[in-house]
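Some notes on the structure that comes next.
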Amino acid sequence: MAFILSNIVSKTCVKSLEDKLLALSISASGTQIRERHIMNPPPRLRNPTWFTKKHRVVHNDEITTDNQEFVKEVVQDKYSNKDESPLLSEIAANAAEWQPTFKRTGVIARKIGIYPIWMKDGTKMTTTLLQVLDNHVIKYYTPEEYENSQPNKTRVMKKKGCLLLGAEGTDPSLLTKEYCGLFKNSGVIPKKFLARFFVSPDAALPPGTPINALHFQVGNFVDVRGKTIDRGFQGVMKRHGFKGMPASHGVTKTHRRGGNIGGGGEKARVWPGTKMPGHMGNRYRVLKGLKIWRINTKYNVLYVSGQNVPGDTNSIVTIYDTILPLRKPSNPVPFPTYLNTDEIHEEDLYDDDVHQFCDPTIEYNET
Amino acid sequence: MNSKITLSTSKMYSLFVRSRLNKCTNKRFLGNLQSESTRQNELFDLEKKRQREEIGRIDKIEVEVQCKSESKTYVMNKLISTPYDCARHLNETIMNKTAVALINGETLWHMHKPLPDSCKLEFLDYKVSQPGQVNKAFWRTCSFLLGAVASNAFKDKVDVQLHSFPIPNVKSGSFVYDIQLSLDNWVPTSSELRVLSMEMIKFCQQAHPIECLDVTADFALVLFKENPHKTMQIPDIAANNNGKVTLFRAGPNVDISKGPMIANTNQLGRTTVTNVIKLDTDIKGSPVYRFQGVALPSSIVLNHFAYGLLEERAKNLNSARIPGSQDVTTEDNSFMAQATN
């Protein structure tokens, strides 16, 4: 370390740079502390590197309209042709073959609403529509590079790498310079949303790789993580589904109350975890094992089962391959991601059990 | 060599000034950059004091200051009061934000230069409808400050000789200072450029008022006797300017320029030293480097993306004329090259 520093110092000719480097080398040596003044030192902040200030104060920039258009043009030119097929073919050539133990990346999507579908036997099913946004790989941290924000209590045997994905490109002038710097090496337009995905080192992708809805296949199962609707401070009936108490028959002032919260005798106290009123929602929750029934390749929409995907309509969710052991895919999936973008697909891909509206009407016998 | 100069100027300077001059010139043999700067500053102060004392009886002039729609008339001191003094009477915002003054609607006047006669005065800030002249003054000041920063930023073992800077041309995308460095093939790293930018920003934040002084060629020669390039340029500059040389000072740094410049260094906002490029010239001695930068006034805010485009552009070699050993390149005549380009 000292050798490198001195080398730099001898090479550089700007005065204050030398001063700074010297100061750095001095501080690196550390000072001796005889007594332990703080019994429990505060935990070290290990925020991921992409936790930076994102939005800047938007001033009224004094740019002429011509120049505003020029800046827009530059943004377009700089980030327009991002379908680098040589890159994709290179990944495809070097990719390892899929194994059930491998963990692939997930995607960032937007929950856009709820629709019914019908099975071929006539049963109705509610599906949630998740639109996969313009996902691009921003950065890959190898297992050694990635420092967990919470130190692992136990030793991890097969450490995963971390893939940083961004979605929904936006005007870089609305973001801070610091935040835009995250996207510098990927050649991708700065994105509104970032998400990390832990992947097997074999499933790593180089920065700039696009990911679309065909990363997933019809019939496979996914887990969806989203931020639940913020319902504020709620009572036990809404929060925990308590029955409440009767509306009449002499009941006064306790129609929606929780009732007794503790027993007697040896249990004469309120047990930890007792269901009581409190804040509800606005926390990340994962809904696991949702089947993909239909994929729209034109608009990159996944139709997954259930109407209870966490979050509001138009909120951002992340989709992963399921971790439920019995619903993991047995057949090969696109690995490390779907790369053959030139291939032409039908607009809609359906699960075998789903009734397609172009087919004849479902007929069944009245019982 | 030094005695010759002082003898030829003996008529002009009082005995006191001369003795101080000799004292200062002896200091030169310490060979230190710091002492050279101190010597220049002392001389500058002495000359300023001498010019102030030479006025003698104080005459009054009437200055009609036009501010927005109204106009006010102030009675000021001839050759003592500056446009800045008038602005101080008027209001603090105008005082701080004015870049240059406009006299009688035609002549641009440095804010800290004494007014010679009764006149009409206007204050130009960075948001006037026709900002061409203000832009030039701003760009010129940036060049001057870049030279000032570069002359202090290097280690003592590097010999830094300021050469000149061309006439400001905002359209070229960068302000420029050509500087001779005793370094062969120096290509600055991005961190070195960042340090230079930081130095410039720090220097500008110290809010040095930029002073102005008209001096004779002889005095200028004494002031810049350590700098061979300036010494060569001074007779030519003086010949084109009635035997006078205009000096500017910001903090401890003195330089020659035609002017006008802006009032204070704190009017510089976003500032970047973008590139240092070695020039292909026939000037004797060490190679000459072109220092380039880009800056915006502090009153103009711009998002980082648009400013990043300006920074990128300012990295290309500026098209201003490259100084040679045969022709004397100064700020005054370099625009001829610009016109022909």
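What the table below lists for this structure:
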{"quantity": "Yes/no for B:GLU192 being among the acidic types (Asp, Glu), open to solvent by less than 30 Å² (accessible area, probe 1.4 Å) and assigned to a helix (DSSP H, G or I)", "calculated": "yes"}
{"quantity": "Residue among B:ALA306, B:ALA320, B:ALA314 that alone is within 14 Å of chain A (Cβ to nearest Cβ), within 17 Å of B:VAL170 (Cα to Cα) and of a type in the set (A, V, I, L, M)", "calculated": "B:ALA306"}
{"quantity": "Neighbours by Cβ (under 6 Å, 6+ apart or cross-chain): first from the range A:41-65, facing another protein chain (nearest Cβ under 9 Å); second surrounded by 10 or more Cβ atoms within 10 Å (Cβ to Cβ) and modelled with pLDDT of 85 or more", "calculated": "A:ARG56/A:THR176; A:HIS59/B:VAL301; A:ASP61/B:LEU302; A:ASP61/B:ASN303; A:GLU62/B:ILE300"}
{"quantity": "Strands (runs of 3 or more DSSP E) contained in the range B:209-313 and holding at least 2 residues under 30 Å from A:PHE183 (Cα atoms) and polar (S, T, N, Q)", "calculated": "B:268-278"}
{"quantity": "Search result, residues across the range B:174-218 that are within 14 Å of another protein chain (Cβ to nearest Cβ), closer than 15 Å to B:THR274 by Cβ and of a type in the set (Gly, Ala, Ser)", "calculated": "B:SER190, B:SER191, B:SER197"}
{"quantity": "Qualifying residue in the range B:254-272 (condition: within 14 Å of chain A (Cβ to nearest Cβ) and buried (at least 18 other Cβ atoms within 10 Å of the Cβ))", "calculated": "yes"}
{"quantity": "Which listed residue is surrounded by 10 or more Cβ atoms within 10 Å (Cβ to Cβ), at pLDDT below 70, part of a helix (DSSP H, G or I) and within 13 Å of chain B (Cβ to nearest Cβ), from A:LYS20, A:LYS72", "calculated": "A:LYS20"}
{"quantity": "Top-ranked residue of the range A:224-261 - restricted to ones that are open to solvent by less than 70 Å² (accessible area, probe 1.4 Å) and in contact with a Leu (Cβ under 9 Å, 6 or more places away or on another chain), ranked as nearest to A:LEU130 (Cα to Cα)", "calculated": "A:VAL224"}
{"quantity": "Only listed residue being of a type in the set (Phe, Trp, Tyr) and open to solvent by less than 50 Å² (accessible area, probe 1.4 Å), chosen from A:TYR284, A:TYR303", "calculated": "A:TYR303"}
{"quantity": "Strands (runs of 3 or more DSSP E) contained in the range A:161-240 and holding at least 1 residues within 30 Å of A:GLU346 (Cβ to Cβ) and either free of Cβ contacts under 8 Å to residues at least 40 places away in the same chain or within 14 Å of chain B (Cβ to nearest Cβ) (or both)", "calculated": "A:161-169"}
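The values are calculated or read from the model by the stated rules, or taken from the named source; none is laboratory data. Fair warning: this is a prediction, and the values are worked out from it, not measured in the lab. In this analysis, Cβ positions are derived from the backbone assuming ideal geometry, glycine residues included, and neighbour counts consider all displayed protein chains. Heads up: the accessible areas ignore ligands, DNA and RNA and are worked out on the full protein's heavy atoms, side chains in. Shrake-Rupley method; radii C 1.70, N 1.55, O 1.52, S 1.80 Å.
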